[in-house]
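S.K.: This is the structure I want to talk about, given as structure tokens.
The values are calculated or read from the model by the stated rules, or taken from the named source; none is laboratory data. As the structure is a prediction and not an experimental result, all values here were calculated from the model. So basically every Cβ, Gly included, is an ideal-geometry build from the backbone, and we count neighbours across all protein chains shown.
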Amino acid sequence: MTTNRDHYTFELAELNATRSSALAFADIAANFIRSYRDNKFYDVITSTVIANLFKCPKSLNEEVLKNMEGALIEQQTILIQKEREREKRPKKWVPTVYKSKIDEDSDEEAVEIDPDEVERLRIAEEEAQKQMELEWQRSEERYQSLQQQRKANEELLAQKARQVDSKAFEDKLKSGGAVLLNPGTMNTKKGGKQGGAAASQLTEEEIGKLYRDVAEVVKEKDRLKTVLSLSDDEVPEKLKETQQDLAKLMEEVKKKEPFLNMKAKSSLSKAQITQLQQKLTKQMVEKNRIALQLKAMEVSEERTELVRVLAQRDSILVSIELAEAP
């Protein structure tokens, strides 16, 4: 495309009203605008050309405007294409420049560090570290002391549990008609049609009492174990629940009272009596061991009340179970 700039023709030409004159001027105007497309003042030059054209009404015909429109659209397309090509180019990575806290050109003065202040801070930090280590050592010693005390208490409880009062067991068994501690008093009948069958010398009342003693000791052991396993927060709820159960049992007993008489037990063999006596002894040993552990605790009033209510409930349950037993 031509880049000749015909300033004389463009500025001084006299346009006639003929069509050929208009076309000639339109062509000159379009070439003149295109010649400045690479100039950074293209917008200003284009506006000046258009302003000059409006000063001459004869030059503003359809052909002139059409040629000028084509030149402007062409230039716009070129600019859009260049912009798109620029956007497609990969952007160069630019490292982030961080300014220093104290700029070289800044008027701020650097803070002077006092060596005495630094030494004082260092000494204070060392003192704080030593204090923390001392506190940790003390807490570790307290923990070890508590562990030793706990082990000593457990050994003491175990020792007390092993010290079973044999005389008390013997008296308890004798009062219930048991003969486990003196088996020589058992008499057996042999011979005849019954062969070697053994019969007990205990009466029906003594046998019934032996059954009751076994049942009551088992209930007492379970009762103490339950009270011992409860935490202080669980005791009030358990006490309320047990009182409700006791109230229901008492209502049930009122309805079944004529039928709660304990059934007479038939005579038992020597082996059955021995089995009951051994069970009673074993349950009493376990019950006494649990009772010692409970005694070593600081029992609250609510826990004591729970033991009392549980004892009442268990007494009724034993009566019901013995009455309903076959």
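S.K.: Any residue in segment 86-94 that is modelled with pLDDT of 60 or more, under 30 Å from Asn31 (Cβ atoms) and not small (Gly, Ala, Ser)?
M.R.: Scanning segment 86-94 turns up at least one residue that is modelled with pLDDT of 60 or more, under 30 Å from Asn31 (Cβ atoms) and not small (Gly, Ala, Ser).
S.K.: Can you find even one residue in segment 136-143 that is at pLDDT below 75 and either outside the structural domain of Ala296 (by TED's automatic domain parsing) or basic (Lys, Arg) (or both)?
M.R.: Going through segment 136-143, the residues at pLDDT below 75 turn out to be none.
Looking for residues that are at pLDDT below 75 and either outside the structural domain of Ala296 (by TED's automatic domain parsing) or basic (Lys, Arg) (or both), one finds none in segment 136-143, hence no.
S.K.: Still on this model: Any residue that is surrounded by 19 or more Cβ atoms within 10 Å (Cβ to Cβ), in the same structural domain as Leu306 (by TED's automatic domain parsing) and at pLDDT 85 or above - is there at least one of those in segment 196-210?
M.R.: Filtering segment 196-210 down to residues surrounded by 19 or more Cβ atoms within 10 Å (Cβ to Cβ) leaves 200, 202, 207, 210.
Within this subset, residues satisfying the condition of being in the same structural domain as Leu306 (by TED's automatic domain parsing) are 200, 202, 207, 210.
Those left that are additionally at pLDDT 85 or above: none.
No, every residue in segment 196-210 fails to be surrounded by 19 or more Cβ atoms within 10 Å (Cβ to Cβ), in the same structural domain as Leu306 (by TED's automatic domain parsing) and at pLDDT 85 or above.
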